[in-house]
Amino acid sequence: QVQVVESGGGLVQAGGSLRLSCAASGRTLSSYGMGWFRQAPGKEREFVATLSRNGVTTRYADSVKGRFTISRDNAKNTVYLQMNSLKPEDTAVYYCAAGPVYGSTNYRQYEYWGQGTQVTVSS
């Protein structure tokens, strides 16, 4: 069993940056591929970024490619999402999830989810 908790969300102006953190308790995150997803009001949950268990393979949604970076520090049992050049359309609740070792863009393949952290980007 893994419990994950996101932090680092907040209100930022367009063009600004935030770094989200995903800390785990229970089983170590190094056993899992990790993903970040987001959900805006009235919209479905969408894939943002994923990272393999060994940290080698990453994938990003086209909408965030070149602006967001997913990384992990297994020693700290933490995964990060660095978000730069934020846009108002990035406004959403961001969720961290632990799942398949190679990572996945499909939220249905993830086993453990956090409660989410709100990111609001003002124009």
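Looking at this structure, is T57 under 19 Å from A14 (Cβ atoms) and without any contact (Cβ under 8 Å) to a residue 60 or more places away in the chain?
Spelling it out, it is not the case that T57 is under 19 Å from A14 (Cβ atoms) and without any contact (Cβ under 8 Å) to a residue 60 or more places away in the chain.
Name the residues in segment 6-54 that are among the aliphatic types (A, V, I, L, M), surrounded by 15 or more Cβ atoms within 10 Å (Cβ to Cβ) and over 15 Å from S71 (Cα atoms), would you?
V12
Within segment 18-123, which strands (runs of 3 or more DSSP E) (wholly inside it) include 1 or more residues that are polar (S, T, N, Q)?
Counting at least 1 such residues, we get 18-26, 33-39, 46-51, 58-60, 68-73, 78-83, 117-122.
Name the one entry in Q1, Q82 that is in contact (Cβ under 8 Å) with a residue 12 or more places away in the chain, open to solvent by 30 Å² or more (accessible area, probe 1.4 Å), farther than 17 Å from G116 by Cβ and within 12 Å of the chain's Cα centre (by Cα).
Q82
Answer yes or no as to whether K76 is basic (K, R) and either modelled with pLDDT of 95 or more or touching a Pro at 6+ places or on another chain (Cβ under 8 Å) (or both).
no
Return the pair list, or none, for Cβ contacts closer than 8 Å from residues in segment 42-53 that are farther than 19 Å from M83 by Cα and modelled with pLDDT under 95 to residues that are open to solvent by 30 Å² or more (accessible area, probe 1.4 Å) and among the hydroxyl-bearing types (S, T, Y), at least 6 apart or on different chains.
R53/S30; R53/S31; R53/Y102
The values are calculated or read from the model by the stated rules, or taken from the named source; none is laboratory data. A quick note: this is a predicted structure, and the numbers were derived from the prediction, not measured. Note that each Cβ is placed from the backbone with ideal geometry, even for glycine, and that neighbours are counted across all protein chains shown. Ligands, DNA and RNA are stripped out before the accessible areas are found, and what is left, the full protein with its side chains, is counted by its heavy atoms. Shrake-Rupley method; radii C 1.70, N 1.55, O 1.52, S 1.80 Å.
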